[in-house]
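Visitor: Provided herewith is a single structure, encoded as structure tokens, for subsequent inquiry.
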Amino acid sequence: MNKSKKKYSMKIKILIAVSVLMLSASCSEDFLDKLPETVVSAENFYKTETDFKLATVGMYVPLRNLYGTGLADFGAWAMGEMRSDNTVFIYNYNNRGYADREYVDQFIDDSNGGGVSNKYQNDYIIIGRANQILSKIDAADFDQTKKNNYKGQALFLRAFAYFDLVNYFGSVPLTLVPPTSYGETITPQSPVEDIYKQIIADATEAASLLPTKASQDAGFVANGAAYTLLGNVHITLKQWPEAEAALLKVQGYSLLGDYAALYDPANKNNAESIFEIQYLDEPTANAASNFAYNFLPILADPGVIPGFPSGSSNTYAGWNTPSPELIAAYQPGDLRKAKSIAFYTGEGYNNIPYIKKYVTGAAIAPNTNNDWPVYRYAEVLLFLAEAMNEQGKPQALTYLNQVHANPRTGLTPITISDQTQLRDLIQEERRIELAFENKRWLDLVRTGKAIQVLKAQGENIKANPQKYYYPVNITPPASSYNVSEKHLLFPIPEREIRLNPSFKQNTGY
Amino acid sequence: MLKSLPIPKKYFYGLLLLFFAAANAFAQNSNITGNVKDKTGEILPGVNIAVKGNAGGTSTDFDGNFSIAAPAGSTLVFSFLGFQSQEIKVSGSNSLKIIMSPDTKSLDEVVIVAYGTQKQKNVTGAVQTLSAATLKDQPVPQLTQKLQGKLAGVQITQNSGIPGQGMTMRIRGAASISSGSDPLYVVDGFPLQGNLANINPDEIETITVLKDASSTSLYGSRASNGVVLITTKKAKAGKSQFAVSIYTGVQSIPSNGLPDMMNAQQFAQFKKEIAIERGQPVAPEYANPQQYGEGTDWLKAVTRDAPITNYSITYSSSGEKFSTSIIGGYNKVEGVLLNSSYDRISVRMNSEYKFNDKVKIGVNAAPTYTHNKTPQSDGIWYNSPSIIQSALLTSPLAPYKNADGTIPTTVGWEYGTAASPNWYNQVQIIKNTSSNVGLLSNAFIEAKLVKGLTFKSNIGVDLGNSVSDFFSPSTAGSIFNPPNEADASRISGAHTNQFAYSWLWENTLLYEKSIGSHNFDALVGYTTQAAHSESASMTGSGFPDNRVETLNAAKTIKGSTDIQEWSLASLVARLNYNYKNKYLFSGAIRRDGSSRFGSDNKWGNFPSASVGWVATEESFIPKNNTLSFLKLRASYGVTGNNNIGNYLQYANVVATNNPFNNQLLSGSSIAGLNNNELGWETTEQFDAGIDINFFNDRIRFNYDYYKKTTDDLLYSVDIPISSGFFNYTTNIGKIEFWGHEFSVSTVNFTGPFRWTTDFNISFNRNKALALGTANAAIYGDMTITQVGQPLGQLYGLQWDGIYETQAEYDSSPKHEGASVGSVKYKDINGDGVVTNDSKDQTVLGNTAPKFNLGFTSTMNYKDFDFTVVCQGAYGNKIINTAERFTANLDGTFNVTTDVANRWKSEADPGDGKYGKASGNTGPERDWASSKWMYDGSYLTIKNITLGYSFNNAGADYLKGLRLYLSIQQAYVFSKYPGNNPEVSAGAGLFSGVDNTTYPVPRTLAMGLNYNF
């Protein structure tokens, strides 16, 4: 009796222990599902109109890095402007840590440079975000007008980014749908022709889907931007009639009366502006620009430049300094000169030039509120002048003079009608009107003058470095400015070559 | 039939016998009493006494007396940690006088293993145990510091001297690509989320390191990096004990290993010379370098000799039913860098209550408070104002204190180096503090259900709350960005608050059974653990001035919050079997389900098996004193590593806002790709070992060979950006590890002069078998990992001296900007030009040591004791990146004195190490090369301690008193020119790169242990 009771109680104990084990084991299924609480998961996105609106805004973010937010983002201006004869740099005697920017100017850059990865990566981030939208938007169910608008913007930005890539890097992968697996992330390079075909198709479709500027929210691209891009592509490909046709469709824009007003943050997205990169210096927005600081001379106190607060040294600066050639290229009486370039004397500098266009002050160093002008109507007029001139059409001169002899320049109309002479004058006009807007290098490349012009400038620099703002006894490296065919394209960033062994580096790098 | 014994008055079980505490019975007992002492005549309380062949037993009381019922003719086994066990046959004599011989280990000793205990001699895995006795004396705040040099196959390095931080532990060369390589730390059965930094070392009773798969597989998906089991002190038998231990000392930076920077005169001379070499006018302040003397030694200016103090008070008491142990500790470490410190207040209370001889409960609770002051000391000067490197680079001409006693805030350009803050000021004005409150606590109930069957349920929680504050006034800055007090926009502040907890519930059933000579024990269990943490961080800007340092003064406050959670549900099972303690077998399995993995891969199984053969138990091997023990063992098993972040399997939508026409609009973008198949890393490990003892165990030799293959490495692989993303988190890649571990412990002398030595050496090797996209090599900061080669080799250009002459220049391959007198690199691919890319970059050296060794020598002579602990590594290479700046030829920074011997002309080429200061210095300064690479071998005398014990038995107020002197980090033998050859070790793929760290101080301390 006692024995069996004992046995019984043992059984009870074991039963209790086993049921505790079972109980603790039973709560497992939900227990192991921990979804992130602080973010939306991708599977629940790209469904509603709001989702696509948010995604559209997100597409514009890499543009800010592409054109220069933060001190590491120098690809656009270093490769687009400083590489050309328009600007050089101030040799930074005391801080040699930014030499890869110098290399871009000196034509001794390589695939490890920060500029190429800045450009390459941000272009593809734009493309990746555009691809996400384009792959999902047709299946979503919401208002067709809004759908067209978002789709048009995605197509425009994808075309714009590919155009930037093909211009600077040549043959790159043409990714048009987002990858869904690891295997799909590796794609081969596409021929340049295929990339151009896609750019033209995307830009054309974007132009047909996008609303006019008047009915688009300020700062977002309208159909004028798509037509300008299309025109630009055709100009680059020397397809003059197609360029003319596209550019003539850029409607609803006009030139501002004051050249300086174009760059004033108070006039963002003005009547002349077709596509500009949007920045904001509100501290919590984290969206300020700071290229103006980069372009100043290196100063212990940038507060000596009117508009900037007194404060920390900009030892990272001294870039994109107007070259003596550019300064000399302004015609006497051109009102744009003083609005584009200023000079500073002091802190060891004697009349050192710097870009004035973007110097409109700052509230907190080094954050500025300047937007970056990508396309404005003056360029459309000059593109039209070029397209007409190449086709031997007399309207070329009219378009050229709309810019050249605009009251804001203070210059008189050009009367020359010889096609060859006019060709040079149009390029000269582009150089002045669009100075420091990252146009010059690509213009030199597409007109076939890059090698000759930059070789010549390099020789001048080596012969007289101090004229190009080098300190006494400092000279550029012997191998610099050895400009050749290879330099018409930039090297593909080293990272991409490593990740895809079938990738072909551009010739010569 | 079965009849329980009346429980003896002083019935008490030592911790190590917990599992054998089943009820016992035997017939015809006689009561044996006696007394136990050690060889010096000191009484030994707490010695376990058991009747051989029966579970249960008793232990000596505080006066060393015991009383146990035992049948005549049976054998009593006396065991005590740190002493050799003794077996005494019960004969007529009722009063026994036992003298126990000390020993570092005993084979009958019970060691803590995963989810239980096991007799050392029956262990079939690769397991090493250290007891508290081997960890005393060292004047250091962290437990891991005390383990250095003492464990075979465990590489423990001090990467930085920041007080209370900087330790890395790697078991068997553990390395992963992107997931953690730290072992799993388990304290009293509770797997920690973090490390051991904030645990008071005085609370530790034993540490067991589990190395092979059979010993770790019960920890399943967290076991790949090895497991460290920590047991904390429980009350030992005896009435009550009260002990105080105190040490206090002073820490200082050893003079060897510091870079030899130029003094004021040398620096002025350097500035003068480079101006002349460049054809520049010599600034008047450098025209006459003789006018200067030593100038400011900036490293000295920001450092100091600093005190360290530690108090520990232990009280323990145990009665028939209730026992408790309380340990209170206070540790205060002032750092050798000004304004750095570590304070810790800790309490641990471990209590047990026995309802009867079948059921007991226990509660352990250990609250801690720590406070850190950590100026931004480590790293490259431009990443944050890292004070150590920045100070080295600052002009010795500049004063850190003016003649009138005022402190300047700035070192201006006029002193010849880049404008910077006054580091002496900066180190004191930047506030960077954190306070942590933690509670590690668990409660258990253990019940013996029927004979041999024990149920245990354990609930635990690890709570932590930490608050960090940061404030940087306008008088702070960095190199090239000197302070500007008037510019209030420079002021910034931050505040972070984190609350985290993890809880554990574990239920296990253990069944032990012997049938004849077959001995079994089987364990099954179910365990769940979950963790939650939430944090809020705020940054402030727009402060009006430097007066108020809290964020309420900021005009703009930005904040964000985060929540992280994970959960783990698991089943465990193990079977141990032995036949006559001769043939040993163990099999174990854990099944883990984890929230961290993709929906297609939630559960994983981690099995292991091991066998052992105790040859000396065989009748055909004669038992003798020469060969006293021989065991062969082998194991194989699978373990995992889930040490990645949470939620990695999900692609998330992140905020990407953008302004349009001056208005910030909300935006969103997808931040990655989903991976439903994401799983743990799998490591298959084979281990074979041999344990041999000679001469009555006076020489003990252990050897282990292991080979493990880690597959499905968790890796955020780089993918081409043309996909729109930079990375994809997946299981890819495969690494092979193998190695040999030897340890030898010897008792060299016994008697009045006793000398023991412990030596261990381990050889760890690895090789990458497969990597990410296209097997693309993984690049770190000057490192490369490629298929077929060891992980994380140093990578860069091969330095080839200087183009010393025109002839050499003309006949050599050149890089962009090269000229006579400039740096020369090898043209590896032979294309005639040198380029700083993969064409000429090459593997420069291996960052993993060829072997690691440790050595401990302990001598006792009468009342004196003398211990030396050494640790070393041999054959690894380190790149000292600081030389990029400390040997900068531009004149921007202060430089090391040997830069004076740079190339100046063909006639004066210097010592061939540095090129000319004129021309293009970029390639010498910026291109990573073997020029900065050094042999990282070292042998460090980690600790020397000399102690004296006063044996004054009899006085009530003084049961024991010991005084000692101890030197920690006594001397580093190394050719490495940086300050710490242990820097950057254990960083896996990215080891071997020294970006300048807080120096590891030498500590001279005196201490006392007082028992009453």
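Visitor: Give the residues of region B:663-722 that are within 28 Å of residue B:217 (Cα to Cα), within 14 Å of another protein chain (Cβ to nearest Cβ) and among the hydroxyl-bearing types (Ser, Thr, Tyr), sorted by residue number.
Guide: B:715, B:716
Visitor: Only one of (1) in a loop (DSSP other than H, G, I, E, B); (2) within 14 Å of another protein chain (Cβ to nearest Cβ); (3) out of contact with any strand residue (DSSP E or B) (no Cβ under 6 Å at 6 or more places or on another chain) fails for residue B:914. Which number is that?
Guide: Only one criterion is unmet by residue B:914, namely (2).
Visitor: Condition first: surrounded by 23 or more Cβ atoms within 10 Å (Cβ to Cβ) and out of contact with any helix residue (DSSP H, G or I) (no Cβ under 6 Å at 6 or more places or on another chain). Now tell me which residues in region A:378-406 satisfy that.
Guide: The answer is A:379, and nothing else.
Visitor: Of the residues A:146, A:151, A:119, which single one is of a type in the set (D, E, K, R), more than 10 Å from every other protein chain (Cβ to nearest Cβ), in contact with a Leu (Cβ under 9 Å, 6 or more places away or on another chain) and over 20 Å from residue A:187 (Cβ atoms)? Explain how you work it out, then say what you get.
Guide: On the way: A:146 fails: in contact with a Leu (Cβ under 9 Å, 6 or more places away or on another chain); A:119 fails: over 20 Å from residue A:187 (Cβ atoms).
The unique qualifying residue is A:151.
Visitor: Has region B:659-680 got at least one residue that is acidic (Asp, Glu), touching a Ser or Thr at 6+ places or on another chain (Cβ under 9 Å) and surrounded by 23 or more Cβ atoms within 10 Å (Cβ to Cβ)? Walk me through how you get there before you give the answer.
Guide: Of the residues in region B:659-680, the ones acidic (Asp, Glu) are B:677.
Subset that is touching a Ser or Thr at 6+ places or on another chain (Cβ under 9 Å): B:677.
From what is left, the residues that are surrounded by 23 or more Cβ atoms within 10 Å (Cβ to Cβ) are none.
No: region B:659-680 contains no residue that is acidic (Asp, Glu), touching a Ser or Thr at 6+ places or on another chain (Cβ under 9 Å) and surrounded by 23 or more Cβ atoms within 10 Å (Cβ to Cβ).
Visitor: Additional query: Looking at residue A:97, is it more than 12 Å from chain B (Cβ to nearest Cβ) and assigned to a helix (DSSP H, G or I)?
Guide: No; evaluated as a whole, the condition is false for this residue.
Visitor: Out of B:488, B:476, report the one residue that is closer than 30 Å to residue B:371 by Cα and out of contact with any helix residue (DSSP H, G or I) (no Cβ under 7 Å at 6 or more places or on another chain).
Guide: On the way: B:476 fails: out of contact with any helix residue (DSSP H, G or I) (no Cβ under 7 Å at 6 or more places or on another chain).
The unique qualifying residue is B:488.
Visitor: Considering region B:581-611 alone, what residues qualify as being among the hydrophobic types (A, V, I, L, M, F, W, C) and assigned to a strand (DSSP E or B)? Quick ask: steps written out before the conclusion?
Guide: At the first step, the residues of region B:581-611 found to be among the hydrophobic types (A, V, I, L, M, F, W, C) are B:584-585, B:588-589, B:597, B:603, B:606, B:609, B:611.
Across region B:581-611, the qualifying residues are B:584, B:585, B:588, B:589, B:603, B:606, B:609, B:611.
Visitor: In addition: Any idea how many residues of region A:437-472 are outside any helix (DSSP H, G or I) and closer than 20 Å to residue B:281 by Cα? Lay out the reasoning, then the answer.
Guide: Quick first cut of region A:437-472, residues outside any helix (DSSP H, G or I) only: A:437-439, A:447-449, A:464, A:469-472.
Still in the list and also closer than 20 Å to residue B:281 by Cα: A:464, A:469-472.
Matching residues across region A:437-472 total 5.
Visitor: Going through B:964, B:934, B:971, B:976 one at a time, which residue ends up being under 18 Å from residue B:158 (Cβ atoms), hydroxyl-bearing (Ser, Thr, Tyr) and in a strand (DSSP E or B)? Don't jump to the end; show me each part of the working.
Guide: On the way: B:964 fails: under 18 Å from residue B:158 (Cβ atoms); B:934 fails: under 18 Å from residue B:158 (Cβ atoms); B:976 fails: in a strand (DSSP E or B).
The unique qualifying residue is B:971.
Visitor: Residue check: is residue A:180 part of a loop (DSSP other than H, G, I, E, B), surrounded by fewer than 24 Cβ atoms within 10 Å (Cβ to Cβ), modelled with pLDDT under 95 and at the interface with chain B (Cβ under 9 Å from one of its Cβ atoms)? It would help to see each step written out before you state the result.
Guide: Working: part of a loop (DSSP other than H, G, I, E, B): yes; surrounded by fewer than 24 Cβ atoms within 10 Å (Cβ to Cβ): yes; modelled with pLDDT under 95: yes; at the interface with chain B (Cβ under 9 Å from one of its Cβ atoms): yes.
Against the criterion (part of a loop (DSSP other than H, G, I, E, B), surrounded by fewer than 24 Cβ atoms within 10 Å (Cβ to Cβ), modelled with pLDDT under 95 and at the interface with chain B (Cβ under 9 Å from one of its Cβ atoms)), residue A:180 qualifies.
Visitor: Out of everything in region B:695-730 that is modelled with pLDDT under 85 and of a type in the set (A, V, I, L, M), what residue ends up being surrounded by the most Cβ atoms within 10 Å (Cβ to Cβ)?
Guide: Here the residue is B:714.
Visitor: Also: Quick check, is residue B:290 under 29 Å from residue B:398 (Cβ atoms), assigned to a helix (DSSP H, G or I) and over 25 Å from the mean Cα position of the chain (by Cα)?
Guide: Details: under 29 Å from residue B:398 (Cβ atoms): yes; assigned to a helix (DSSP H, G or I): yes; over 25 Å from the mean Cα position of the chain (by Cα): yes.
Criteria met by residue B:290.
Visitor: Counting just the residues of region B:647-656 that are at the interface with chain A (Cβ under 7 Å from one of its Cβ atoms) and part of a loop (DSSP other than H, G, I, E, B), which one comes out farthest from the chain's Cα centre (by Cα)? Lay out the reasoning, then the answer.
Guide: The initial filter retains those residues of region B:647-656 that are at the interface with chain A (Cβ under 7 Å from one of its Cβ atoms), namely B:647, B:650-654, B:656.
Retained after the next criterion (residues that are part of a loop (DSSP other than H, G, I, E, B)): B:647, B:650-651, B:656.
Numbers: B:647: 27, B:650: 32, B:651: 34, B:656: 39 Å.
Here the answer is B:656.
Visitor: Taking region B:506-521 on its own, how many of its residues are surrounded by fewer than 18 Cβ atoms within 10 Å (Cβ to Cβ) and assigned to a strand (DSSP E or B)?
Guide: Within region B:506-521, the subset surrounded by fewer than 18 Cβ atoms within 10 Å (Cβ to Cβ) is B:511, B:513-520.
When the remaining residues are screened for being assigned to a strand (DSSP E or B), the result is B:511, B:513-515, B:518-520.
The qualifying residues number 7.
Visitor: What is the residue count in region B:670-720 for residues that are assigned to a loop (DSSP other than H, G, I, E, B) and more than 25 Å from the chain's Cα centre (by Cα)? Quick ask: steps written out before the conclusion?
Guide: Narrowing region B:670-720 to residues assigned to a loop (DSSP other than H, G, I, E, B): B:671-680, B:695-698, B:712-713, B:719-720.
With the extra rule that they be more than 25 Å from the chain's Cα centre (by Cα), the set shrinks to B:671-679, B:695-698, B:712, B:719-720.
Number of matching residues: 16.
Visitor: On the basis of being surrounded by 18 or more Cβ atoms within 10 Å (Cβ to Cβ), within 9 Å of chain A (Cβ to nearest Cβ), touching a residue at least 24 places away in the same chain (Cβ under 8 Å) and touching an Asp or Glu at 6+ places or on another chain (Cβ under 7 Å), does residue B:475 make the cut?
Guide: Working: surrounded by 18 or more Cβ atoms within 10 Å (Cβ to Cβ): yes; within 9 Å of chain A (Cβ to nearest Cβ): no; touching a residue at least 24 places away in the same chain (Cβ under 8 Å): yes; touching an Asp or Glu at 6+ places or on another chain (Cβ under 7 Å): yes.
Criteria not met by residue B:475.
Visitor: Still on this structure, I have one more. If a residue must be surrounded by 20 or more Cβ atoms within 10 Å (Cβ to Cβ) and small (Gly, Ala, Ser), how many such residues does region B:681-694 contain? Full working, then the answer.
Guide: First, pick out the residues of region B:681-694 that are surrounded by 20 or more Cβ atoms within 10 Å (Cβ to Cβ): B:681-683, B:685, B:687, B:689, B:691, B:693.
Narrowing the set further to residues that are small (Gly, Ala, Ser) leaves B:689.
Within region B:681-694, residues that are surrounded by 20 or more Cβ atoms within 10 Å (Cβ to Cβ) and small (Gly, Ala, Ser) number 1.
Visitor: Given B:245, B:217, B:221, which one is on the phi < 0 side of the Ramachandran plot, in contact with a Ser or Thr (Cβ under 7 Å, 6 or more places away or on another chain), at pLDDT 90 or above and within 14 Å of chain A (Cβ to nearest Cβ)? First the steps, then the outcome.
Guide: Numbers: B:245 fails: within 14 Å of chain A (Cβ to nearest Cβ); B:217 fails: within 14 Å of chain A (Cβ to nearest Cβ).
Selected residue: B:221, the only one of B:245, B:217, B:221 that is on the phi < 0 side of the Ramachandran plot, in contact with a Ser or Thr (Cβ under 7 Å, 6 or more places away or on another chain), at pLDDT 90 or above and within 14 Å of chain A (Cβ to nearest Cβ).
Visitor: Would you be able to say whether some residue in region A:131-141 is at the interface with chain B (Cβ under 9 Å from one of its Cβ atoms), touching a residue at least 24 places away in the same chain (Cβ under 8 Å) and touching a strand residue (DSSP E or B) at 6+ places or on another chain (Cβ under 8 Å)? Lay out the reasoning, then the answer.
Guide: Going residue by residue through region A:131-141, those that are at the interface with chain B (Cβ under 9 Å from one of its Cβ atoms) are A:131-132.
When the remaining residues are screened for being touching a residue at least 24 places away in the same chain (Cβ under 8 Å), the result is A:131-132.
Going one step further and asking which of them are touching a strand residue (DSSP E or B) at 6+ places or on another chain (Cβ under 8 Å), we end up with A:132.
The answer is yes, given that some residue of region A:131-141 is at the interface with chain B (Cβ under 9 Å from one of its Cβ atoms), touching a residue at least 24 places away in the same chain (Cβ under 8 Å) and touching a strand residue (DSSP E or B) at 6+ places or on another chain (Cβ under 8 Å).
Visitor: Is there a residue in region A:473-481 that is in a loop (DSSP other than H, G, I, E, B), of a type in the set (Val, Ile, Thr) and closer than 16 Å to residue A:90 by Cα? Before you say what the answer is, go through the steps one by one.
Guide: Restricting attention to region A:473-481, the residues satisfying the condition of being in a loop (DSSP other than H, G, I, E, B) are A:473-481.
Subset that is of a type in the set (Val, Ile, Thr): A:474-475.
Then drop every residue that is not closer than 16 Å to residue A:90 by Cα, which leaves A:474-475.
Yes, region A:473-481 has at least one match.
Visitor: If you take the residues in region B:731-753 that are closer than 15 Å to residue B:696 by Cβ and buried (at least 18 other Cβ atoms within 10 Å of the Cβ), which one is modelled with the lowest pLDDT? Give the derivation first.
Guide: Pass one, region B:731-753, residues closer than 15 Å to residue B:696 by Cβ: B:745-751.
Subsequent filtering for residues that are buried (at least 18 other Cβ atoms within 10 Å of the Cβ) retains B:745, B:747.
On the way: B:745: 94, B:747: 91.
The extreme case among them is B:747.
Visitor: Any residue at all in region B:271-278 that's under 27 Å from residue B:197 (Cα atoms), hydrophobic (A, V, I, L, M, F, W, C) and free of Cβ contacts under 8 Å to residues at least 40 places away in the same chain? Before you say what the answer is, go through the steps one by one.
Guide: Of all residues in region B:271-278, those under 27 Å from residue B:197 (Cα atoms) come to none.
Scanning region B:271-278, I find no residue that is under 27 Å from residue B:197 (Cα atoms), hydrophobic (A, V, I, L, M, F, W, C) and free of Cβ contacts under 8 Å to residues at least 40 places away in the same chain, so the answer is no.
Visitor: Go through (1) away from every other protein chain (no Cβ under 12 Å); (2) more than 27 Å from residue A:38 (Cα to Cα); (3) touching a residue at least 40 places away in the same chain (Cβ under 8 Å) for residue B:582 and report which single condition fails.
Guide: (3)
Visitor: Name the residue that is surrounded by the fewest Cβ atoms within 10 Å (Cβ to Cβ), counting only residues in region A:466-475 that are modelled with pLDDT of 90 or more and within 13 Å of chain B (Cβ to nearest Cβ). Can you show your working first?
Guide: First, the residues of region A:466-475 that are modelled with pLDDT of 90 or more: A:466-470.
In the following step, the residues that additionally are within 13 Å of chain B (Cβ to nearest Cβ) were identified as A:466, A:470.
Values: A:466: 13, A:470: 19.
Selected residue: A:466.
Visitor: In addition: Scanning region A:404-432 for residues that are over 32 Å from the mean Cα position of the chain (by Cα) and of a type in the set (A, V, I, L, M), which turns out farthest from residue A:259 (Cα to Cα)?
Guide: Here the residue is A:416.
Visitor: Considering only residues of region B:912-936 that are among the charged types (D, E, K, R) and surrounded by 23 or more Cβ atoms within 10 Å (Cβ to Cβ), which is farthest from residue B:841 (Cα to Cα)?
Guide: Applying the first criterion (among the charged types (D, E, K, R)) to region B:912-936 yields B:913, B:916, B:924-926, B:931, B:935.
Cutting the leftovers down to surrounded by 23 or more Cβ atoms within 10 Å (Cβ to Cβ) gives us B:916, B:924, B:931.
Values: B:916: 23, B:924: 14, B:931: 13 Å.
Across region B:912-936, the extreme among qualifying residues is B:916.
Visitor: From the list A:100, A:141, A:123, which residue is modelled with pLDDT under 95, over 30 Å from residue B:479 (Cα atoms) and assigned by TED's automatic domain parsing to the domain that holds residue A:455? Talk me through it step by step, then tell me what you get.
Guide: Details: A:100 fails: over 30 Å from residue B:479 (Cα atoms); A:123 fails: modelled with pLDDT under 95.
Of the residues listed, the single one that is modelled with pLDDT under 95, over 30 Å from residue B:479 (Cα atoms) and assigned by TED's automatic domain parsing to the domain that holds residue A:455 is A:141.
The values are calculated or read from the model by the stated rules, or taken from the named source; none is laboratory data. What you are looking at is a predicted structure, and each value in this text was computed from that prediction instead of being measured. Glycine also receives a Cβ, built like all others from the backbone with ideal geometry; neighbour counts cover every protein chain displayed.
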